[in-house]
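The values are calculated or read from the model by the stated rules, or taken from the named source; none is laboratory data. Predicted, not measured: the structure shown is a model, and the values here were computed from it. A quick note on method: Cβ atoms are made from the backbone with ideal geometry, for glycine too, and the neighbour counts reach across all protein chains shown. Ligands, DNA and RNA are stripped out before the accessible areas are found, and what is left, the full protein with its side chains, is counted by its heavy atoms. Shrake-Rupley method; radii C 1.70, N 1.55, O 1.52, S 1.80 Å.
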Amino acid sequence: MAASPPEADEIFQPPASLQAEAHVKSFKEYEELYQESINDPETFWRRVYDGFYWKSPPTGPFLDYNFDVRKGPISIKWMAGAQTNICYNALDRNVEKGLGNKIAFYWEGNYPSDQGKITYSELLEEVCRFANVLKSLGIGVGDRVAIYMPMIVELSISLLACARIGAIHSIVFAGYSSESLADRILDAECCAIVTTDGVWRGNKLLNLKSIVDKALDICSERKHAVKKSIVVRHLSPKDEVILSGDANGEMADDAIAKRPCRTLKLHWQDGRDVWWHEVMQTADKSCDPVWMDAEDPLFMLYTSGSTGKPKGVLHTVGGYMMYSATTFKYTFDYQPDDVYWCTADVGWITGHTYVAYGPLANGATSIIFEGTPFYPDAGRFWEVIDKYKVTKFYTAPTAIRSLMKFGDEHVKRHKRTSLKILGTVGEPINPEAWLWYYHVVGNSKCAIVDTFWQTETGGHVITPLPGATPTKPGSATFPFFGIQPAILKDDGQEIEGTGEGYLVFKKPWPGIMRTVYGDPERFETTYFKKFPGYYCTGDGAHRDKDGYIWITGRIDDLVNVSGHLLSTAEVESALIEHPAVAEAASVSHPHSIKGECIYCFVTLKQGEQFTDEMKVALKNMVRVKIGPFAQPDFLQNAPALPKTRSGKIMRRILRKIARGDRDLGDTSTLADESVIELLFQFRPSDA
Ligand code: WTA
């Protein structure tokens, strides 16, 4: 387990200006509401329930669950039998309330000159049209639709259209490789995919469609046909698109002057591939929502698992709707005149909950950002904040750390006077980055919310509330409403008071995942078997003398690289596919910007040389099998790996070797101690 983070002495009080208007104005008020949410969850969540439109009420108990594998299968049901539609609540309802002309999304493209906006009424119309398109393709309740897109408004339209007709969306981050995309499509047996022609990322033009085409080929080879691929024409006319195949692509004629012009060749498969703008043209702009049971699936989202095979985390309609909306409202203290910006990609859970569903359910105005923090320069975030007068901003510690490196001038060039709340998510934030975010970005006047949660939790589970919680840099502080955390020792005993151990939760909240798609057994084994009676997060945590919770990081074989969870097993199986590799072991390694990175020990087959070319080929293997973001930072030649007598690789020792730490602890179970010295010798000098 990672060492406890240093406890900062300093406590930061909620800004008084925020407190006055906040939904929760003091820590005392938070504690009262929190106690109610734990002692009487039904009363607490019924109030939330009453804020939504339900076609019909629950037919059984409001909450029904079993969290204990010893008593039978794990099951979690909130408001079963009640009927609703999350898209209806996110759009129609806001239009009916008079928010039709309010901006739902500003779109800020990769290029600062690319921009757009869409109101709630317009969004509703587009969503209805796309829902009709999906219906016309024969897609309906329970069908799985894959989405592989950059951060554009059509991405939100796609997921809302699925939700409107009861289709289950499975969004795959558009940085995954063809093979990873294919694995996910196959696991979910998706019948269609929505994508775009290409996308600019900084100065790079990526041909997304060709990645999708390759993935669909892999699917066909494995006897699964994806019937339709709907392609958004996203590139501007200057980025010329050449089609091969029979169909012809219409090009919009708005000219955008400054971008570099490149040519993108698209292969077009008639019958399967259709242009979004063509099918949308004839689609009707109204579409009745399909009323879904609160416990019907809403979406699945794949997350890395310790064994290497990704898990399709399944969320359901009613609970997720209530939880995403409620956490958004309280954690960002949502106010009607806010302009809110979450920089996460919708391909990750943060984008699902805090770009799409949470803000829309509250009728908020937010920003969809296609670009990167460094393009055209390291001031982009702050420029966008001034441009739209952003009040609440949510990003990842990795981004903060890398921007810190560029110096304060990039921040100070911009005013940032609109900012009130600054959030972080995805990985532990080191106090140094927290303090920079607070003092430099926030001018020492904004509340910082370090939000801990997971794909599995659906929304924030440990987080400060900006008007109520005094914060300590580096601590996610206290549980959200309805969340009952405990910290367990190895033997499963709860630690009372201060101490460090496994972070678990004792009771379900509405937004918790319901199962692993197609694999309920894996759901139970991963989250409920280790400590019966608890949901096990897989993270370590430490509680300090004031009751603050500090997340210490993963305690399984997952590595958190720049806020993206990867399994060491997944990286190893990619490496092993290279014909020169006999064996590979990868471990997590500290990294000053990414938080953690991947360090691989590779044993080559006899006669193979560990040359620079070999290293490039191995890194490339990981890029192709998983995606560029998974590329290892360090590869080291390992003539042999440290193993126990029964042949198990001792990763604990590998982590130490990677760090150059000779204090190896107990090595008595090692089969061959001479391996250790050899590995220290081969350690790269820059590790
Ligand atoms: C880590 C992202 C410390 C943690 C929302 C968790 C964090 C994993 C924090 C989930 C935080 C997320 N402090 N660690 N504020 N937020 N994590 O599923 O290890 O992509 O288990 O969901 O990220 O990553 P996931």
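Some points to look at:
- Residues of the stretch 468-507 satisfying the condition of being within 15 Å of the ligand (Cβ to nearest atom), open to solvent by 10 Å² or more (accessible area, probe 1.4 Å) and within 17 Å of I555 (Cα to Cα): P485, E500, Y502
- Strands (runs of 3 or more DSSP E) fully within the stretch 169-217 that include at least 1 residues being at pLDDT 95 or above and in contact with a helix residue (DSSP H, G or I) (Cβ under 7 Å, 6 or more places away or on another chain): 192-196.
- Here I649 meets the list (1) surrounded by 22 or more Cβ atoms within 10 Å (Cβ to Cβ); (2) touching a residue at least 40 places away in the same chain (Cβ under 8 Å) almost entirely, failing just condition (1).
- Listed here are the helices (runs of 4 or more DSSP H) enclosed by the stretch 275-362 that have at least 1 residues being farther than 30 Å from A20 by Cα and open to solvent by less than 30 Å² (accessible area, probe 1.4 Å): 276-281, 317-331.
- Pairs linking a residue in the stretch 278-292 that is closer than 18 Å to E122 by Cβ and modelled with pLDDT of 95 or more to a residue that is small (G, A, S) and open to solvent by less than 50 Å² (accessible area, probe 1.4 Å), with Cβ atoms under 8 Å and 6 or more positions apart or on different chains, are C287/A131.
- Residue count for the stretch 133-168, restricted to those that are outside any loop (DSSP other than H, G, I, E, B) and either aromatic (F, W, Y) or open to solvent by 30 Å² or more (accessible area, probe 1.4 Å) (or both): 5
- Some residue of the stretch 427-444 being within 13 Å of the ligand (Cβ to nearest atom), more than 22 Å from F369 (Cβ to Cβ), assigned to a loop (DSSP other than H, G, I, E, B) and touching a residue at least 12 places away in the same chain (Cβ under 8 Å): yes
- Note on the stretch 564-574: among residues that are farther than 17 Å from L654 by Cα and in contact with a strand residue (DSSP E or B) (Cβ under 7 Å, 6 or more places away or on another chain), the one that is surrounded by the fewest Cβ atoms within 10 Å (Cβ to Cβ) is L565.
- Test result for Y357, in contact with a strand residue (DSSP E or B) (Cβ under 8 Å, 6 or more places away or on another chain) and within 16 Å of the ligand (Cβ to nearest atom): no
- Options S113, S121: the member that is among the hydroxyl-bearing types (S, T, Y), in a loop (DSSP other than H, G, I, E, B) and open to solvent by 20 Å² or more (accessible area, probe 1.4 Å): S113
- L419 falls short on exactly one of the conditions (1) away from the ligand (no atom under 16 Å from the Cβ); (2) open to solvent by 40 Å² or more (accessible area, probe 1.4 Å), and that condition is (2).
- Taking the conditions (1) modelled with pLDDT of 95 or more; (2) open to solvent by 20 Å² or more (accessible area, probe 1.4 Å); (3) closer than 25 Å to P112 by Cβ; (4) not hydrophobic (A, V, I, L, M, F, W, C) in turn, T365 satisfies each one other than (2).
- Any hit, the stretch 592-601, residues being open to solvent by 40 Å² or more (accessible area, probe 1.4 Å) and more than 26 Å from V172 (Cα to Cα): yes
- Filter result for T537 (within 12 Å of the ligand (Cβ to nearest atom), more than 18 Å from E496 (Cα to Cα), in contact (Cβ under 8 Å) with a residue 24 or more places away in the chain and part of a strand (DSSP E or B)): yes
- Odd one out for H542, checked against (1) open to solvent by 10 Å² or more (accessible area, probe 1.4 Å); (2) away from the ligand (no atom under 13 Å from the Cβ); (3) modelled with pLDDT of 95 or more; (4) within 30 Å of F328 (Cα to Cα): (2)
- In the stretch 605-616, the condition of being of a type outside the set (V, I, T), at positive phi and open to solvent by less than 10 Å² (accessible area, probe 1.4 Å) is met by no residue.
- Of all residues in the stretch 510-520, those being open to solvent by 40 Å² or more (accessible area, probe 1.4 Å) and either within 16 Å of the ligand (Cβ to nearest atom) or under 17 Å from the mean Cα position of the chain (by Cα) (or both) number 1.
- Residue match in the stretch 521-533 (condition: within 23 Å of C190 (Cα to Cα), surrounded by fewer than 19 Cβ atoms within 10 Å (Cβ to Cβ), among the small types (G, A, S) and more than 16 Å from the ligand (Cβ to nearest atom)): no
- Number of residues in the stretch 84-105 that are in a strand (DSSP E or B), of a type in the set (A, V, I, L, M) and more than 11 Å from A361 (Cα to Cα) equals 1.
- Here Q454 passes the criteria (1) in contact with a strand residue (DSSP E or B) (Cβ under 7 Å, 6 or more places away or on another chain); (2) crowded, with 23+ Cβ neighbours inside 10 Å; (3) not small (G, A, S) except the one numbered (2).
- Search result, residues across the stretch 373-414 that are assigned to a loop (DSSP other than H, G, I, E, B) and farther than 22 Å from N430 by Cβ: Y375, P376, D377, G379, K389, V390, T391, R413, H414
- Residues that are more than 19 Å from G540 (Cβ to Cβ) and in a loop (DSSP other than H, G, I, E, B) were ranked within the stretch 445-467; the one that is farthest from the ligand (Cβ to nearest atom) is K445.
- The stretch 545-563: number of residues that are under 19 Å from the mean Cα position of the chain (by Cα), acidic (D, E) and either crowded, with 21+ Cβ neighbours inside 10 Å or more than 13 Å from the ligand (Cβ to nearest atom) (or both): 1
- K387 modelled with pLDDT of 95 or more and open to solvent by 10 Å² or more (accessible area, probe 1.4 Å): yes
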